[in-house]
1. Give me the net charge of Leu120's neighbourhood, meaning all other residues with Cβ under 10 Å from the Cβ of Leu120; Lys, Arg count +1, Asp, Glu -1.
2. Given the Cα-Cα distance of Asp5 and Ser188 and 0.36 nm per residue of separation, how much length would full extension add, in nm?
3. Stretched out fully, how many nm does the piece from Glu113 to Ser20 gain, at 0.36 nm a residue minus the Cα gap?
4. Count the net charge of all other residues whose Cβ sits under 9 Å from the Cβ of Asn211, scoring Lys and Arg as +1 and Asp and Glu as -1.
5. At a Förster distance of 22 Å, what's the computed FRET efficiency of Lys89 paired with Arg41, Cβ-Cβ distance as r, to 0.05?
6. By counting other Cβ atoms within 10 Å of each Cβ, how are Tyr219, Tyr147, Tyr214 ranked from fewest to most?
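Just so it is clear, none of the values below were taken in a lab; they were calculated from the coordinates. These numbers were taken from a predicted model, which means no experiment stands behind them. Cβ sites come from the backbone with ideal geometry, for glycine too, and all protein chains shown count toward neighbours.
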Amino acid sequence: MKVHDSKIVWKDYGFELHLSVSLDVSFQVPKNVLSVDLGERVMATTVSSADNGKPEFHGKQIRGVRRHYNHIRKNLQQKELTKKVNEIKDKEKRKVEDQLHKISRKIVDEASEINAVIVLGDLKGLGNKDTGKGKRMNRIANTMPYYKLTRMIEYKAKEREVQVVKVDERNTSKTCHRCGSKNTVRPSQGIFDCRSCGLRDYNADLNGAKNILYRFLAYMVRNGASVNRLITKAFIEKNDVEVSEKALGTPYLTSVSE
């Protein structure tokens, strides 16, 4: 590790040391895939391609922290207590960032343990209608720190020599992971139903995570990689992935079209 720059920054709660560093990284060849779906009810849902892979749900408490402090801020703003409002903002920020560090560390640890590449949904264009998430995700993006969590996962993964790739999130929240149909409904925020294959009362965040996983596995199948997961012919035919290279030789999926 080489330090390029450093500075001490004063915050209301004390001093912070900010370092700019570069790392020489040699990524390991992954044997599994760990997909990450960023959601509203749960900050991050992960599922792996490993035989014993089971879903993990991270950061359920972040939404509650945000709501709690938002309620406090509104009451203080009505009383015009500006200084107190700023103190509450700093306290909320520290609590949320602490949770984000824990979540990102757990995700990277899991990927390292099973020798997996981490697959994230690409956040570019979040909130646009053509992503399949639209206004709802635009609202969520303003209240949930997705970009910050993504950055934490990326730099922690680099430290552990774990590769990170991104796939287009388009329609992952409204496509059935089991049959590939978009004839689906959300009876409630966390529940996913498919009218085509009869999938009912399924966890919506897990459905999104599996779609991200399958989208990447479809890319692997198209490029001759062997996988231990059944991918439906219909799903593979619907996906076309373009690949480019990012810094340090990390593969980066720039687009997935349907």
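1. Cβ neighbours under 10 Å give a net charge of -3.
2. 61.0 nm
3. On the way: separation 93, 0.36 × 93 = 33.48 nm, distance 2.79 nm.
This chain segment gains 30.7 nm when fully extended.
4. After counting each charged neighbour, the total is 0.
5. 0.40
6. Tyr147, Tyr219, Tyr214
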